[in-house]
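In what follows, a structure is listed as structure tokens, so that the remarks can point back to it.
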Amino acid sequence: MAFTLDTTYAGATLAQIPALAKEAAAAHNALHAGTGAGKDFLGWLDLPTEYDKEEYARIQSAAEKIRAQSSVLVVIGIGGSYLGARAAIEFVRGQEHNRDEDFEVYFAGNSLSSAAVSRLRDYCADRDFSVNVISKSGTTTECAVVFRVFKELLEKKYGKAGAAERIYATTEYNEKKSKLYALSLAEGYALFNVPDPVGGRYSVLTAVGLLPIAAAGVDTNALLAGAAAAQSAYQSDDIAQNDTLLYAALRNLYYREDKRIEILSVMEPDFALLGEWFKQLFGESEGKQGKGLFPASTVFTMDLHSMGQYIQEGERTLFETFLTVKESPAEVRLENAAGDPDGLNFLAGKNLAFLNEQALQGTRIAHADGGVPGLLVTIDKADAWHLGYLFYFFEKACAVSGYMLGVNPFNQPGVEAYKNNMFALLGKPGYEKERAELYARLNKQD
Ligand code: PA5
């Protein structure tokens, strides 16, 4: 089995699953019938099988062109226009994917840090580079500001026409909404669409994720095939046949029992960014109307030496979803050491993967004994196919879980608050009143 959800340590809560079967089925059916909240944003449901073939072919040729023309690709985007691509590249190619490579991929536009932006700008200055700027709305400040910096550098290096040959823009094809779309048309950049019915955090299987992932040399056919396998595996509204419903129902049961924090605990450092993607998916989808589990993530065994103490003995408001992989791509075996100076000869002949597995099993039991119920997701391999499967599993579970919680899992009204304050403080025209109010609260003079 390529993917399993093990509920051995789910605790007494598991017994209540039959009572939630109807609720989970109703959420699932509302999603498929398009009768739930946010019904205009369900385009991701069929993406693995219905993806626009012409656009897909353009993505593949653009990826090849980028690799042929440049040694560095700068991917500029934030939130859903950033995390999925980075998670995929690190998951499949490793966190050190840029090491010893003649083609490197860097991410920018996910902060307003001068330190980070200037370092990357300096690095690109004497290298051949291309830019993939990604913003569904085409108006996100972080992305637009950082794009301006790299666009200027490209134009300085290659001239306006040369720069246009190296800029790939991914945005919604909507001249009225997306400034990036209008700019790209005017400047002649290669354009890729983010379909209107696919929200940012559900967009990894569109050009948003596929172009940088393909450019990084990850097999996007396999990624989509894995997602398609999950799409077909999770069609039933019977909780006994559909693990997305089981997972969604368990999450909601824990929440109702005041277990308000879910930790995704991954057993591979290369899955750390998948943890970030997971946090955005669930946090932005469910955290609203004063409700929602707080999604956290840890990387084991690293965090067993930091957060492990809290998980074992801190507030009992947690449950945990472990994520592990069965097959390791490489073998690291411990040798017998003469005289056993470090006392580790009892492990001689053992593979590190075996040690990691024992750490996982020992931790599952310890945390469960400490009052933290645990679910375990196991995949066979850390490859593109299994990642596609995981992406789809979590997306569908999140949508069902959000409906069970009684929220619209496809909007994010709360993110506007910080933006409005930032625009006012930056002096954006139209925000004068807000600026005066904020200055008064900050005891600042204009
Ligand atoms: O899920 C979402 O919609 C958001 O997190 C967006 O992905 C994020 O704000 C970036 O938006 P955009 O792609 O419009 O720049």
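Read the figures in this text as sums done on the coordinates, not as results from a lab. If you're wondering where the values come from, they're calculated on a predicted model, not measured in any experiment. Counting neighbours? That spans all protein chains shown, and the Cβs are built from the backbone with ideal geometry, glycine included.
Relative to the longest principal axis of the Cα atoms of the chain, helix 141-164 runs at roughly 60 degrees. Largest mean-square fluctuation among His305, His97, His32, in a Gaussian network model of the chain whose springs join Cα atoms under 10 Å apart, belongs to His305.
Here Lys350 is the anchor, and the aspartates and glutamates within straight C-alpha reach of less than 13 Å, apart from those fewer than 8 places off in the same chain, are Glu331, Glu335. Highest-first packing order for the peptide set 165-173, 45-53, 295-303 is 165-173, 295-303, 45-53, based on the mean count of other beta carbon atoms within 10 Å. Expressed as a whole percent, the proportion of Cα-Cα pairs in segment 308-432 lying more than 22 Å apart is 65%.
Placing a pseudo-label 7 Å from each Cα along the Cα-to-Cβ vector at Arg148 and Ala182 gives an inter-label distance of 1.5 nm. In plain terms, the chain from Asp46 to Tyr173 could stretch by 43.7 nm, reckoned as 0.36 nm per residue minus the Cα-Cα distance. Each of Ala240 and Asp342 was given a label point 7 Å from its Cα along the Cα-to-Cβ line. The distance between the two points is 5.0 nm. Full extension of the chain segment joining Glu357 with Leu425 gains 19.4 nm, where the gain is 0.36 nm per residue of separation less the Cα-Cα distance. Of all the Cα-Cα pairs you can form in segment 47-218, what percent are over 25 Å apart? Beyond 25 Å sits 23 percent of the P(r) for segment 47-218. You can think of it this way: the chain between Asp6 and Asn98 has 29.7 nm of extra reach, that is 0.36 nm per residue less the Cα-Cα gap. The Rg/Rh ratio of the chain, with both radii computed over alpha carbons and Rh defined as the Kirkwood radius, is 0.99.
Summarising the label geometry, the points placed 7 Å from Cα in the beta-carbon direction at Phe294 and Glu315 lie 0.5 nm from one another. Note on Asp369 and Arg256: with the Förster distance fixed at 25 Å, the Cβ-Cβ geometry gives a FRET efficiency of about 0.65. What residue among Ala225, Ala63, Ala436 has the largest mean-square fluctuation in a Gaussian network model of the chain, using Cα springs under 10 Å? Highest fluctuation of the listed residues: Ala436. With R₀ set to 25 Å, the beta-carbon distance separating Ser114 from Val415 gives a calculated FRET efficiency near 0.60.
Using the rule -39500 (n - 2.57) for each DSSP H run of four or more residues, divided by the residues of the chain, the 222 nm mean residue ellipticity is -15000 deg cm²/dmol.
For Val377, the residues whose amide H sits under 5 Å from its own are Asp6, Phe322, Leu323, Thr324, ignoring neighbours fewer than 5 places away on the same chain, with H placed 1.01 Å from N. Angle of helix 352-369 to the longest C-alpha principal axis of the chain, folded into 0 to 90 degrees and rounded to 10: 70°. The mean sequence separation of alpha-carbon pairs under 8 Å and at least six residues apart, normalised by the residue count of the chain, gives a relative contact order of 23 percent.
Straight-line cross-link partners of Lys259 among the lysines, defined as a Cα under 27 Å from its Cα and at least 8 positions apart when in the same chain: Lys22, Lys279, Lys288, Lys291, Lys396. Against the longest principal axis of the chain, how steep is helix 243-256, in degrees 0 to 90 to the nearest 10, with axes from Cα atoms? Helix 243-256 and the main axis of the chain meet at about 80 degrees. Taking each of Lys39/Lys419; Lys136/Lys176; Lys151/Lys176 in turn, the alpha-carbon distance tops 19 angstrom for Lys39/Lys419; Lys151/Lys176. Within segment 348-446, which trypsin sites (Lys or Arg not before Pro) sit in a loop by DSSP and count at most 10 neighbouring Cβ atoms inside 10 Å? Within segment 348-446, the qualifying trypsin sites (Lys or Arg not before Pro) (loop, at most 10 other Cβ atoms within 10 Å) are Lys444.
When only Cα pairs below 8 angstrom with a gap of at least 6 residues are kept, segment 47-218 shows a relative contact order of 31 percent. A DSSP coil position with no more than 13 other Cβ atoms inside 10 Å describes the following trypsin sites (Lys or Arg not before Pro) in segment 60-158: Arg99, Arg127.
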